[in-house]
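Here's the structure we're looking at; comments come further down.
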Amino acid sequence: MSTPNFDRLAKPYRWLEYASFGLMLERCRFYFLSACATTRRALILGDGDGRFAQRLLQANPSIEVDAVDASAQMLQALRQRALTVSTAAAQRVHTIHADIRAFPPEQRDNDPGYDLVVSHFFLDCLTSNEIDALADRLRDCLAPNALWLISDFAIPQRGWLRPVAQLVVRSLYFAFDCLTQLRMKKLPDYAGALEQRGFFRVQQKTFLGGLLTTELWRKQPRKP
Ligand SMILES: C[S@@+](CC[C@H](N)C(=O)[O-])C[C@H]1O[C@@H](n2cnc3c(N)ncnc32)[C@H](O)[C@@H]1O
């Protein structure tokens, strides 16, 4: 299990994204932001240069954020972006430099757990089995009814956009393999992993004919 290295993408990441997808990925990331405005404690997975964390801190003036990323440079960019909101906001962000596949989420005494998990364009860095294991580990650290906000690439089931989407995803994986040693070849089945672990999809919005999806999932309380 080798960890991809996104360090050298931290600075140009935003511009590479705008050059390839314009503002579409941003629209996807922020589409359900208002649903996060009243959450209390967030775990953000692989936020990259911190654009979502910045907007979350602006939208929610009391939220506490734990941000996990395997890239020290990405975390540095995230901390700098949080500072642009305010010093007080940046103090509510705790960055954790770790590979998510080996990350033990913190369970605090007398705390119901995270009530928000965020993973934008991150689960596609993991295999389906790795997402199974992640969801298993996270589930017990989440408050009842916690939300999980996910954005990702997707391949439409049918239609002429399907081969186009397949080509786009293959090209992206090839580029990330060259630039970061991300050894992934196909999109994982995160929906299956989450459904099997008692999460259900509350809302979904797709963009670019289904190539991009953003989804709000909720943890179902365990049956007594
Ligand atoms: C494709 S970027 C996505 C960045 C951002 N979330 C976005 O919306 O564009 C993936 C991010 O996840 C991090 N990452 C990839 N694999 C990881 C892993 N196994 N553990 C922790 N972080 C990882 C990378 O360092 C990078 O910051």
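Listing for the model above:
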| read-out | value |
| --- | --- |
| From 172, 167, 194, residue being touching a helix residue (DSSP H, G or I) at 6+ places or on another chain (Cβ under 8 Å) and among the hydrophobic types (A, V, I, L, M, F, W, C) | 194 |
| Meets criteria (modelled with pLDDT of 95 or more, part of a loop (DSSP other than H, G, I, E, B) and either of a type in the set (Phe, Trp, Tyr) or more than 9 Å from the ligand (Cβ to nearest atom) (or both)) for residue 62 | yes |
| Check on residue 47, surrounded by 22 or more Cβ atoms within 10 Å (Cβ to Cβ) and either modelled with pLDDT of 95 or more or outside any strand (DSSP E or B) (or both) | yes |
| Tabulated pairs, region 129-154, first on the phi < 0 side of the Ramachandran plot and within 16 Å of the ligand (Cβ to nearest atom), second in a strand (DSSP E or B) and charged (D, E, K, R), C-beta under 8 angstrom, 6+ apart or interchain | 148/218; 148/219; 149/215; 150/215; 151/215 |
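Residues checked against (1) on the phi < 0 side of the Ramachandran plot; (2) in contact with a Ser or Thr (Cβ under 8 Å, 6 or more places away or on another chain):
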{"position": "14", "(1), (2)": "yes, no"}
{"position": "24", "(1), (2)": "yes, no"}
{"position": "29", "(1), (2)": "yes, yes"}
{"position": "32", "(1), (2)": "yes, yes"}
{"position": "40", "(1), (2)": "yes, yes"}
{"position": "46", "(1), (2)": "no, yes"}
{"position": "53", "(1), (2)": "yes, no"}
{"position": "87", "(1), (2)": "yes, no"}
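The values are calculated or read from the model by the stated rules, or taken from the named source; none is laboratory data. If you're wondering where the values come from, they're calculated on a predicted model, not measured in any experiment. As a convention, Cβ positions derive from the backbone with ideal geometry for all residues, glycine included, and neighbour counts pool all protein chains shown.
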